[in-house]
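Just so you know, all these numbers are worked out from the coordinates, no wet-lab data involved. Everything numeric here is computed off the predicted structure, so don't read it as measured data. Cβ placement follows ideal geometry from the backbone for every residue including glycine, while neighbour counts extend to all protein chains displayed.
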Amino acid sequence: MRSAATGVRGFGALLDFAAALTRRDAAAGRRALAAARRAGCPRAAAEEVGLMLVLHAGYPAALEAMRVLGEAWPGRARPVREGGVADWKRRGEALCRRVYGPVYPRLVRSVRALHPDLARWMIEQGYGRVLSRPALGERERELAAVAVLAAGGWERQLVSHLLGARRLGARPREVRRAFVAGRRRAEAAARSGVARAWRAAFGGHARG
């Protein structure tokens, strides 16, 4: 898969990398990174996909992803200037609105009802700090989120990001590729929920 938005070669292999590390399969992650590297994928894109796991798969998954990346694809990671909390809030609100479209106000109310700090973290840390980093486009990040959430079996969140990927301009075949990459990794008990998420978002079944 090559992204017209950012020109990321080998991005499909990075979806496989993200799904594999979500399910703690380091060997499959290394194979996926090798495929991405052969396809001419920039290492910075692999770094960003690994870092994103903090949000959708947890800190341990992100740590393991970066360890696997360092072993399979040696290189020097460089810090990114992220700005401060005001920047994160501004960027986070803008990006989250693009992902959720007309349901954004309802999303914020719902998460705030769960816990007001969680709603603030979602906007500032999630969308504003992690997902707005410059080395990977927002469309690619949504596709990576689809792969990770499908692999983890997170049905409710998967519906939101399937729709979010389309809102950000991902083609149907790109969304399907990301979904299948994750579904293949999902636990057997979670696969029915993953399939329901696809039907809730688009109807029908995702082949592959």
Point-charge dipole on Cβ atoms (K/R +1, D/E -1) for the chain, about Cα centre, debye to 20: 560
Ratio of the Cα radius of gyration of the stretch 85-129 to 2.2 N^0.38 Å, where N counts its residues: 1.03
Karplus 3J(HN,Hα) series, Hz, for the stretch 31-47 with 6.51 cos²θ - 1.76 cosθ + 1.60 (x for Gly, Pro): 5, 5, 5, 4, 5, 4, 5, 4, 7, x, 5, x, 4, 4, 5, 5, 4
Neighbour net charge for L114 - beta-carbon separation under 14 angstrom, K R +1, D E -1: +4
14 Å beta-carbon shell around R81, net charge (K/R +1, D/E -1): +2
Total formal charge among the other residues, if their Cβ is under 10 angstrom from that of E140, Lys/Arg +1 and Asp/Glu -1: -2
Cα convex hull of the chain, projected area averaged across orientations, nm²: 10.9
R98 versus A200: modelled label distance in nm, points set 7 Å from Cα along the beta carbon direction: 2.5
Distance histogram in 5 Å bins (all Cα pairs of the stretch 1-84, percent per bin): 3, 17, 28, 25, 18, 8, 2, 0
